[in-house]
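The values are calculated or read from the model by the stated rules, or taken from the named source; none is laboratory data. Please read all numbers here as calculations on a predicted model, not as lab measurements. Here the Cβ is made from the backbone with ideal geometry for all residues, glycine too, and neighbour counts use every protein chain on show. Ligands, DNA and RNA are excluded from the accessible area calculation, which covers all protein heavy atoms including side chains. Shrake-Rupley method; radii C 1.70, N 1.55, O 1.52, S 1.80 Å.
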Amino acid sequence: MDIILTGTGSPIPDANRAGPSTLVKAGDTHILVDAGRGVVMRLAGAGTLPVFLSGVLLTHLHSDHVCALNDVITTHWVMSQGNGVLQVYGPQGTAQFVERQLAALEPDIGYRIEHHDDLTEGPKVEVTELVPGDAFHINDVYIVVAATDHAPVRPTLGYRLEHQGVVAALVGDTLPCEGVDLLANGADAYVQTVIRTDLVLQLPMRMAHDVIDYHSDVSQAGQTAARVGAKRLVLTHMAPPPTPEQIPEWAEMARRHFDGEIVIGDDLTTIAL
């Protein structure tokens, strides 16, 4: 299994970091978790494309995690010449969100159908809405679903992916909680979105300070990794985006609590499990 960080950014625009998304490659099964800005270009950089995705898992419907889903849908549709079905999984509300994305794309869909004989109908998207406790397979990848804590965003989900004895936990935006512990327990890689509380408090826009109360801090991520016995802690969706000089500081804050491997990802960082 390979975990490829296809977007390590946050809502703060960054020329070097696409929006939140992570690609899991397990043999021939490619699963995308979230679809932040620039995700299709990063998928190309990761050696795949939307047409090769076996499924898309959404953790929640915050715009920075889903704003490029329409690009995934359209590119999948065109590259499959209208024959492929994109499987999208997510929390309650995902079906309505996808329906509205397709409605927004109606002019584009009409133009392409009129222009291309091979396209006779719009994108085929099958949505499965999930609740905590669900478990299912995408091909030979077994996926367990648990609730996370990103209130007032509700519901929010995290995922535990298992393939040939290897486990990856991808939990999205969340505070430490029981669901995260369940998903990351003993995981070969625990992927956590994080903030630096001390740096967020230095931002001049006071509204930015609100993110502190519903994201894991770097130290909390380290504490969770240690508590659940994860083998690797992978930090992504870092806010504010770290400068190269700050990355050792981020690692040290996690290292105070967790003595396993710590990966601080750039876009297209690959963790081979």
Revision key, fill the gap. Residue pairs qualifying under the 7 Å Cβ cut-off, at least six apart or on distinct chains, with the first in the stretch 22-35 being modelled with pLDDT of 95 or more and the second being polar (S, T, N, Q) and not in a strand (DSSP E or B), are L23/T48; T29/N139; H30/T48; V33/T59; D34/T59
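Does the stretch 237-260 include one or more residues that are among the β-branched types (V, I, T), open to solvent by less than 40 Å² (accessible area, probe 1.4 Å) and not in a loop (DSSP other than H, G, I, E, B)? Walk me through how you get there before you give the answer.
Applying the first criterion (among the β-branched types (V, I, T)) to the stretch 237-260 yields 243, 247.
Add one more test, that the residue is open to solvent by less than 40 Å² (accessible area, probe 1.4 Å), and what stays is none.
The answer is no, given that none of the residues of the stretch 237-260 is among the β-branched types (V, I, T), open to solvent by less than 40 Å² (accessible area, probe 1.4 Å) and not in a loop (DSSP other than H, G, I, E, B).
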Practice item. Might you check whether a residue that is open to solvent by 20 Å² or more (accessible area, probe 1.4 Å), of a type in the set (D, E), assigned to a helix (DSSP H, G or I) and over 21 Å from E261 (Cβ atoms) occurs anywhere in the stretch 161-180? Key: yes
Study note, to complete from the structure: The residue from Q87, Q92, Q101 that alone is over 26 Å from A169 (Cα atoms) and either open to solvent by 40 Å² or more (accessible area, probe 1.4 Å) or not basic (K, R) (or both) is Q101
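So, Q81, is that one within 24 Å of R154 (Cβ to Cβ) and out of contact with any Cys (no Cβ under 6 Å at 6 or more places or on another chain) or not? Talk me through it step by step, then tell me what you get.
Working: within 24 Å of R154 (Cβ to Cβ): no; out of contact with any Cys (no Cβ under 6 Å at 6 or more places or on another chain): yes.
So Q81 fails the test.
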Review point. Conditions: (1) of a type in the set (A, V, I, L, M, F, W, C); (2) under 15 Å from the mean Cα position of the chain (by Cα); (3) more than 14 Å from A239 (Cα to Cα). A151 meets all but one. Number of the miss?
Key: (2)
Study note, to complete from the structure: Expected output for the stretch 251-273 (first residue under 21 Å from A15 (Cβ atoms), partner of a type in the set (K, R) and open to solvent by less than 70 Å² (accessible area, probe 1.4 Å), Cβ below 8 Å, 6+ apart or cross-chain) is D266/R17; D267/R17; D267/R42; L268/R42
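One line per residue, one yes/no per condition, for (1) buried (at least 22 other Cβ atoms within 10 Å of the Cβ); (2) of a type in the set (S, T, Y); (3) touching a residue at least 40 places away in the same chain (Cβ under 8 Å):
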| site | (1), (2), (3) |
| --- | --- |
| S10 | yes, yes, yes |
| N16 | no, no, yes |
| V56 | yes, no, no |
| T59 | yes, yes, yes |
Review point. If you go through the stretch 112-121 one residue at a time, do you hit one that is touching a residue at least 24 places away in the same chain (Cβ under 8 Å) and touching a strand residue (DSSP E or B) at 6+ places or on another chain (Cβ under 7 Å)?
Key: no
Study note, to complete from the structure: Okay, helices (runs of 4 or more DSSP H) sitting entirely in the stretch 46-138 with 3 or more residues that are among the aliphatic types (A, V, I, L, M) and at pLDDT 95 or above, I get 69-79, 94-104
